[in-house]
1. Please list, ordered by residue number, the strands (runs of 3 or more DSSP E) wholly in the stretch 359-446 having 1 or more residues that are touching a strand residue (DSSP E or B) at 6+ places or on another chain (Cβ under 8 Å) and open to solvent by less than 10 Å² (accessible area, probe 1.4 Å).
2. How about the stretch 289-333: which of its residues are open to solvent by 60 Å² or more (accessible area, probe 1.4 Å), among the charged types (D, E, K, R), free of Cβ contacts under 8 Å to residues at least 60 places away in the same chain and assigned to a loop (DSSP other than H, G, I, E, B)?
3. Scan the stretch 233-249 and tell me whether some residue there is of a type in the set (Val, Ile, Thr), more than 30 Å from Gln332 (Cα to Cα) and modelled with pLDDT of 65 or more.
4. Considering only residues of the stretch 238-288 that are within 24 Å of the chain's Cα centre (by Cα) and part of a strand (DSSP E or B), which is farthest from Thr355 (Cα to Cα)?
5. In the stretch 220-252, what residues are small (Gly, Ala, Ser) and either open to solvent by less than 60 Å² (accessible area, probe 1.4 Å) or farther than 16 Å from Leu433 by Cβ (or both)?
6. Could you please tell me which pairs satisfy a Cβ distance under 7 Å, a separation of 6+ or placement on different chains, a first residue in the stretch 260-279 that is among the aromatic types (Phe, Trp, Tyr), and a second residue that is open to solvent by 10 Å² or more (accessible area, probe 1.4 Å) and in a helix (DSSP H, G or I)?
7. State all residues of the stretch 270-288 that are surrounded by fewer than 20 Cβ atoms within 10 Å (Cβ to Cβ), modelled with pLDDT of 95 or more and on the phi < 0 side of the Ramachandran plot; if no residue qualifies, say none.
8. Within the stretch 122-148, track down each residue that is assigned to a helix (DSSP H, G or I), open to solvent by 20 Å² or more (accessible area, probe 1.4 Å) and over 14 Å from Tyr195 (Cβ atoms).
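The values are calculated or read from the model by the stated rules, or taken from the named source; none is laboratory data. Computed from a predicted structure; not experimentally measured. Quick reminder, even Gly has a Cβ in these numbers, built from the backbone with ideal geometry, and neighbours come from all protein chains shown. We work out accessible area using only protein heavy atoms, side chains counted, and drop any ligands, DNA or RNA first. Shrake-Rupley method; radii C 1.70, N 1.55, O 1.52, S 1.80 Å.
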Amino acid sequence: MEKAQFTVQQGWPEHHRKTVAALYEQAFGQKFRLAVPNQQQRIALLAQFFKPEYALSVIDQGCLVAVAGFQTPKAGFTSGIGWQGLVDLLGYVKGAWAALVFSLFERKPSQHTMVMDGIAVAEEYRGKGLGSMLLDGIIHQAQEQGFSKVRLDVIDSNPRAKKLYLAKGFKQVKREYYPYLNWLLGFSGSSTLEYSIHPQLSQLQGANLKAKSMPQKPAMYSTYAKEYDVAIQDNIYNAHYERPSLQAMLGEMAGKTVLDLGCGSGVYAEYLLAKGAKVTAIDSSSEMVALVKQKLATQLKVYQQDLASGLPEEADASYDLVICPLMLHYLQDLNPLFADVKRVLKVGGSFVFSTHHPMVDIEASPSGNYFATERVTEMWDTVGKPVEVSFYRRPLSALIAALTQNGMVIAELNEGRPSETLKTISPEHYQRLSEHPQFLFIKALA
């Protein structure tokens, strides 16, 4: 469970509203200057009327750096920009004129077609693949909502964007020329492109929507289990930040009984065995368990178990150490597991775990309320392609309460340090992770 450098999420925290407007103005202000000539007025108008629930965004280190909007028959990213709002903001004459100009660029979605409302990426973040990630996210949104097509328009003066769309599988369905408006709009033509979603895939996504209340196994750790195993062997966030930070808290392993919760593909299990520990490993993903059995079958006990329901197969006071690397944020309620961790630990035994840093995840909060425990869905690029991952963010106080209420005492808490090797591999990431921690590491005693 690595959290990649860039992730795509739906909407954005409210305090980013003006940043979104400035990004959109930077990308598309040329089209709208005829409607609202004053740039500051345009930004203020956009900030007021954007609907974040119809957008995807990328937030890096607390800064919103890219955004993409979409429209459905119900509403859309820019659908708040209506006649009455423009008149109220600009006055009757200017507002009516602005409404008329905006209508020239309006593209209506249909029952079967979602319309993409443009991608805007901060200048210093261009060329890093964010546009591609956002486009994949829009297509995924369309699939989730049962649309069979995604439609967009791209102007002739933006060939780079058109190249991206065509590479993603969009097909040109219409071409419009208006050279007589070039002096007015800054471009003389545009192309309408469409992406067709396979009907069977749309039906499958629609069926999945009905089961959203049921626990879902993340594709990252099932469909892409093998790719994930390869990715985390020597990557930045797992191999050079999370693992060295957690391993530094473990102490002597020789002869100890260790329970590895959320064992994934067995990277920690291999480490523990090499240090002389007797290991039992558990994961909710059958694909991950299969990988561990393939690598280490004769050296440890490994089995599949939904850890949200605790540890029903494990005996009381049977372990010296329980570890849980980057898994707890997938559980809505920590108490069943924490109660059983306390039960299976020997007196004085240790529970060592890592999880998302609560101050990092607040940027992805749907409510903006730090003290809420809530589900967050993002697109992660861990395996080389955007994959949807859902997890729960919670305040530090909720995490600590789950420990103390189940009879454990905190012995150590830190925010991790990147390995010295990372300084050579990527000085930029080394400095960022040294100054902006991504994970939280806790050692508690039974």
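1. 374-380, 387-393, 439-445
2. Of everything in the stretch 289-333, those that are open to solvent by 60 Å² or more (accessible area, probe 1.4 Å), among the charged types (D, E, K, R), free of Cβ contacts under 8 Å to residues at least 60 places away in the same chain and assigned to a loop (DSSP other than H, G, I, E, B) turn out to be Glu313, Asp316, Asp333.
3. Checked against the condition, which is being of a type in the set (Val, Ile, Thr), more than 30 Å from Gln332 (Cα to Cα) and modelled with pLDDT of 65 or more, the stretch 233-249 yields no hits at all.
4. Among those that are within 24 Å of the chain's Cα centre (by Cα) and part of a strand (DSSP E or B), it is Asp283.
5. The answer is Ser222, Ala225, Ala231, Ala239, Ser245, Gly251.
6. If the second residue must be open to solvent by 10 Å² or more (accessible area, probe 1.4 Å) and in a helix (DSSP H, G or I), the pairs left are Tyr271/Gln247.
7. Glu270, Tyr271, Leu273, Ala274, Lys275, Lys278
8. Selection gives Glu123, Glu124, Tyr125, Glu144.
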